[in-house]
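Derivation of every value follows stated rules applied to the coordinates shown; laboratory data play no part. The structure presented is a predicted model; accordingly, all values stated were derived computationally and were not measured. Cβ atoms come from the backbone with ideal geometry, glycine included; neighbour counts cover every protein chain shown.
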Amino acid sequence: MKAISIEKFGDEKVLQLQTVEKPTATESNVVVKLIAAGVNPVDTYIRSGSYLVRPELPFTPGKDGAGYVHEVGSGVTGFKVGQRVFVCKKTMSKYGTYAEYDLVKEEEVFPLDDNLSFEEGAALGIPYFTAYRALVIKAKCTAGETVLIHGASGAVGLAAVQIAKHLGLRVIGTAGTDEGLSVVQSVGADFVMNHKEKNYLEKILEFTENVGVNIIVEMLANVNFDKDLDMLADRGRLTIVGSRGSTRMDPRKMMGPELQVYGIALLNSTQEEWKEGSAFVVKGVREGWVKPIIHKRYALEQAGDAHRDVIHSSGAKGKLILSVQEEEETS
């Protein structure tokens, strides 16, 4: 099969399209024939070797994707060959979704409703599971609260907007372009601000009548951490989804208002949390309010371009997708 293989950690050049052996289903695993794969910032951290956990070399990257069940292990009871599914992987292995076939644990495979395409299915896993973990598992959001989502036009940000609105929160979203702001507003945000605009934080505070927000979902903590502490109301919760460097902050800002800060990492999910989050997302797809936004598509051999864009391209408007193989080729 064709797959992106990484034989050493490094920059985008280590992403090489190769012909490798197709996996075979073991007892509790499923082989998924992938039509599309998602590209996430975490994929670039794993590729470079800077993530907190390193897979053994060589390996195929990719944590989410969608396609058909190709083969099931003898112990698999929840899926059958030919079923439409999406994948969200929290564990590390030599197999990933940047390939025509992926070997996946049964608990990391989920039914894909017919109302979503495979590209949309490939955009579900990491963004929606992460957003749910930040808002519900960690921040314990409740209806009527106000949430500020920094970088709301990216894949996780848009997922967070949809989930927060569904749960009855008031949503403020930031983005860096007019196009991005339009997308954020289109999925339900109550108030949007361009984070490049001068005094945008003051305008957000004005929107809250200077009370502040109850929750922040932060995609770039190395830039915003200390300022986030100024934006939170008493007993506010800051969830850190992304950071690309170190930062300085004043701990005293947290003491009086008793602020709470949570790091977010899907790999730390307990079995119960994983089941809860996945059931929520699958139900949202079935009900029709979970609707991933696709920003750009790439061929599998363009994985390096996708990795550059997911980190360095300005003006995010949804998920980056790798087109792995044609749907009509799958039976």
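Per-structure values
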read-out	value
Overall Cα dimensions of the range 10-49, principal axis frame, Å, largest first	34, 21, 21
Sequence-separation-based contact order of the chain, relative, with Cα cut under 8 Å and 6+ spacing, percent	20
Förster-model FRET efficiency, 56 Å R0, GLN16 and ASP234, C-beta, rounded to 0.05	0.60
Whole-number percent relative contact order across the range 140-261, with pairs defined as alpha carbons under 8 Å at least 6 apart	21
Semi-axes of the equivalent ellipsoid for the range 166-315, Cα gyration tensor, largest first, Å	27, 21, 19
Cα-based equivalent ellipsoid, the chain: semi-axes from gyration tensor eigenvalues, Å	34, 20, 18
nm² value of the averaged projected area, convex hull over the Cα atoms of the range 125-197	4.3
Fewest-first ranking of LYS8, LYS317, using other Cβ atoms within 10 Å as the exposure measure	LYS8, LYS317
Three principal axis lengths of the range 190-256 [C-alpha, angstrom, descending]	29, 29, 19
Most to least packed among 199-209, 83-93 [average Cβ atoms within 10 Å]	83-93, 199-209
Projected area averaged over orientations for the range 235-331, convex hull of C-alpha atoms, nm²	10.6
Largest-first principal axis extents of the Cα set of the range 51-183 (Å)	47, 33, 30
Reachable lysines from LYS319, criterion Cα separation under 18 angstrom, eight or more residues apart if same chain	LYS63, LYS89, LYS291, LYS296
Cα-projected label distance for LYS203 with ARG248, points at 7 Å along beta-carbon direction, nm	2.9
Nearby lysines by direct alpha-carbon distance to LYS196 (threshold 21 angstrom, same-chain neighbours under 8 apart not counted)	LYS227, LYS317
Extension reserve of the ASN222-VAL81 stretch, reckoned as 0.36 nm per residue once the Cα distance is removed	46.3 nm
Computed Kirkwood radius, in angstrom, where 1/r is averaged over Cα pairs of the range 27-80	13.0
